[in-house]
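Structure first, commentary second.
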Amino acid sequence: MNELDHFLEAADQPERYGAGIKAGGTPVLGYLCSYAPEEIIHAAGVHPLRLFGTLESTLHADSHLQAYCCSLARGVLETALDGTLEFLDGAVFPHTCDTIQRLSDIWRLNTPFDFFADVVHPVRLDAGFAREYLEDTLQRFKRELEAWSGSKIDDAALARSIETFNTARKRLDDLYRMRSRDPGCISGSRVSSIVKASMILNRDELPGRLSRLLEEIESGRYRTGATDDRKRLLVAGSLCDHPDFYSMVENLGGVVVWDDLCTGSRAFDGFIDPSGDPVKAIARRYFERRPCPSKHLSNTARAEALASMAEEHGVQGIIFFLLKFCDPHAFDYPYLKEYLEAKNIPVTLIEVEDSLPPEGQLTTRLETFIYTL
Amino acid sequence: MTDDKKTRGIQSPPIAMDAKMKEIMTGYYIEAKTAADSGKQVAWITSGGPVEPLIAMDIIPVYPENHGAMIGASKMGGALCEQAEAMGYSGDLCSYARSDIASSVTNGGPIGGLPRPDMLVACNNICGTVMKWYEVLARYFDVPLFIFDTPMCHTDYHEESKRYVKQQVLEYVAFLEQVTGKKLDYDRMDHVGKLSLEGQRYWQAVLDTAASRPSPLTAFDGFYHLALIVTLRGTQVAVDYYRDLLAEMKDRVAKGIGAVPNEHYRLLWDNLPIWYRLKWLSNKFAAHDAALVADTYNTAWCRSLRYIEDGNFLDSMAEGYTRMYLNIGVDQMADTIIEMAEKYSVDGLVMHSNRSCKPYSFGQYDIQRMVRERLGIPCLLIESHMVDERSFSEAQTETRIDAFMELIRNRA
Ligand code: SF4
Ligand code: SF4
Ligand code: SF4
């Protein structure tokens, strides 16, 4: 089996992969947001597994969440209640949006898992003392994890973990950059599956796998055959778990060369300083990486970040890929659109309920957008 | 049965203080709208935000949420929300935010918009929405924004949160001193803190009178009289007002005057009011001889009472503001509701599933289950967007209320 297949398989069946890890004797903790401190979980000898939920029927979750809840929260709750996540030892809820905040309560009150933790991150990233607060919060989380697992997480384990995550993140960044230079080297849907899988796969093996994967890509075996005259696009939003979307864009003469997604570049953005106190260093990354809209760095931080990403990667247009009922992203959209259009970067919006909008509608929309670029 | 027949003859004597409320609020908005002439600065602040330092510094606090309630009550929410949607804001966002953002640009609404802010204060102890909303305002008005970040207390109020919030109290004072170019007078601050607590105590006492049978006021009356504890908390005006209102309520209790003439059933309301249907809902329930005697919204402004220390306001408000009703876990919210249900001896729970307000509404199904299990009382769920009247289905709501009341009648 080549490396790519490992990634595609994990991305396709995250729960199956997680159950396998558990069967091998490693405890597994789930999380559904990029603010979860994976490095600390990993240093405790626990496998951090990002949860993506289900897009199918959500019968169980529907009796806890009203219809006006985003499909991510609903879908993940469904898998917790319908037995799909039976192998899980617990979950970690970082504080971000109002929906996750309530999902955390509902989860705590209704699921059978052994371990549960809220990690109440600061919302403000603009104050020095918010860093101290986050450090203290991460220390609390570390203590909770230690109490549960029964063993101390020492600095050496944290340092190893930091090294592992730094390397994996760097390789994902390399992959994105390689593809930004040469979008034909591998298809967009595969790239999206690779990033997704990197939140699922055994993290100790991840840096090695990514290196081999990069070699496979460099060897040209995954070339798409498409020419380089396609329109260069950036996708922005919370998450996009729809590989078909990327193929659709590519069939219409576009190509996604970069993204601002929490299941994309936001997941590997930011480096953890390996020197000094490890928990402090982990905290610092959250202040330095590009923020999600549920955090406040400044009133214009996200707009500036998007414009600079667009410039750096020669992006010709931005597609906002937003989940319906996702408030933080919906609030930012009108301003981002105005700001970017003033900089001559065209944008379009695609709102996704649980599945993609009907194919005809979506194709027309994308086609028109790509055509006008 | 037509609405007319149902409501005929069910009017109780009106609350005399209604008129006073109108007078005070009119005066307040006139003062706020002419602030520039009187050389005062205006701060827009969230309803759960720490307003007392503003009062102590002579800054006029203005509440977009109270404005939102007025927009809703005058049924102008739908049009404003539609304008916000035309500006690109999703129709699924909080309708306070949508109508306020639109009104900021168009000066639409019942009072021709709010006075321009000199600063913005957003406290996220009620939701994350206010932060996003105030970022929009800060960009539009180009004025400084202070975000008061109160970490969610899912189960506890941790030491590190305490430190973090206290640091922000100091930073907040420094922010106000910088924007106004004045120093905070700490004696004055103490005094304002005292008045705030006194006002809250009177307001809680007013709500407590609803424990009597018949109840002298309903939650719907409360939604109207609530305005001062939101907007003028920390002033003598609010203290005097609630003292007088309390006297009137006690008098009604003594005379056996109920807000609903034939009060047979007592209900508890959860979530924000449906502002454009207050009267309709109130009549609807009254026609079933049901009084909504308690609710989780009016009391939200008294919750900090248990954490704020007399004579140590500025320091202890950190905890008071952080442990607000919405900033706690769903199980604690359920406990609060169950406590209230017992205190006010209610026969049923009416939950407003408010599409505008996710932090208030998600978890309601679980609360409902806990209430059913622990108290065995029926629960009703009504869905709407609290100030966007386009989202409301009158026929459906009516049927559900009738069925719910039928259930309650059969249990009695
Ligand atoms: S968009 Fe940000 S806050 Fe929302 S789920 Fe993703 S990482 Fe978390
Ligand atoms: S940030 Fe958006 S997508 Fe993520 S959980 Fe919250 S509402 Fe859902
Ligand atoms: S109604 Fe809810 S979402 Fe809207 S501002 Fe109030 S607390 Fe926030």
Would a scan of region B:350-367 turn up a residue that is more than 16 Å from ligand 3 (Cβ to nearest atom), open to solvent by 10 Å² or more (accessible area, probe 1.4 Å) and away from every other protein chain (no Cβ under 14 Å)? no
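Can you tell me which residue is farthest from the other protein chains (Cβ to nearest Cβ) among those in region A:134-160 that are among the acidic types (Asp, Glu) and crowded, with 16+ Cβ neighbours inside 10 Å?
The extreme case among them is A:Glu144.
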If we scan region B:392-412, do we find a residue that is of a type in the set (Asp, Glu), in contact (Cβ under 8 Å) with a residue 40 or more places away in the chain and part of a loop (DSSP other than H, G, I, E, B)? no
Which of the residues belonging to region A:102-120 are open to solvent by less than 20 Å² (accessible area, probe 1.4 Å), more than 13 Å from ligand 2 (Cβ to nearest atom) and within 20 Å of the chain's Cα centre (by Cα)? A:Ala117, A:Val119, A:Val120
Take the conditions open to solvent by 10 Å² or more (accessible area, probe 1.4 Å) and within 16 Å of ligand 3 (Cβ to nearest atom) and apply them to B:Ser104. Does it pass? yes
Could you please tell me which pairs satisfy a Cβ distance under 7 Å, a separation of 6+ or placement on different chains, a first residue in region B:187-209 that is farther than 16 Å from B:Pro53 by Cα, and a second residue that is open to solvent by 60 Å² or more (accessible area, probe 1.4 Å)? B:Tyr202/B:Arg243; B:Thr209/B:Lys250
Among the residues of region A:94-133, what is the count of those that are under 25 Å from A:Val28 (Cβ atoms), among the hydrophobic types (A, V, I, L, M, F, W, C) and more than 8 Å from chain B (Cβ to nearest Cβ)? 7
Which numbered condition trips up B:Pro214, out of (1) out of contact with any helix residue (DSSP H, G or I) (no Cβ under 8 Å at 6 or more places or on another chain); (2) open to solvent by less than 10 Å² (accessible area, probe 1.4 Å); (3) of a type outside the set (A, V, I, L, M, F, W, C)? (2)
If you check B:Pro110, B:Pro144, B:Pro151, which single one turns out to be buried (at least 19 other Cβ atoms within 10 Å of the Cβ) and either within 16 Å of ligand 2 (Cβ to nearest atom) or in contact (Cβ under 8 Å) with a residue 24 or more places away in the chain (or both)? B:Pro151
Checked against (1) in contact with a helix residue (DSSP H, G or I) (Cβ under 7 Å, 6 or more places away or on another chain); (2) free of Cβ contacts under 8 Å to residues at least 60 places away in the same chain; (3) open to solvent by 10 Å² or more (accessible area, probe 1.4 Å); (4) not aliphatic (A, V, I, L, M), A:Glu250 satisfies every condition except (2)
Restricting attention to region B:289-323, report how many residues are crowded, with 21+ Cβ neighbours inside 10 Å and within 14 Å of chain A (Cβ to nearest Cβ). 2
Sort out which residues of region A:75-101 are near ligand 2 (Cβ under 10 Å from one of its atoms), free of Cβ contacts under 8 Å to residues at least 60 places away in the same chain and farther than 14 Å from B:Ser361 by Cβ, and write them in order of number. A:Val76
Report the residue count in region A:253-291 for those that are in contact with a helix residue (DSSP H, G or I) (Cβ under 8 Å, 6 or more places away or on another chain), among the basic types (Lys, Arg) and assigned to a helix (DSSP H, G or I). 2
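The values are calculated or read from the model by the stated rules, or taken from the named source; none is laboratory data. As the structure is a computational prediction, the values presented were derived from the model and not from experiment. Here Cβ is always computed from backbone atoms with ideal geometry, including for glycine, and neighbour counts include all displayed protein chains. Note: areas computed on protein heavy atoms with side chains; ligands, DNA, RNA excluded. Shrake-Rupley method; radii C 1.70, N 1.55, O 1.52, S 1.80 Å.
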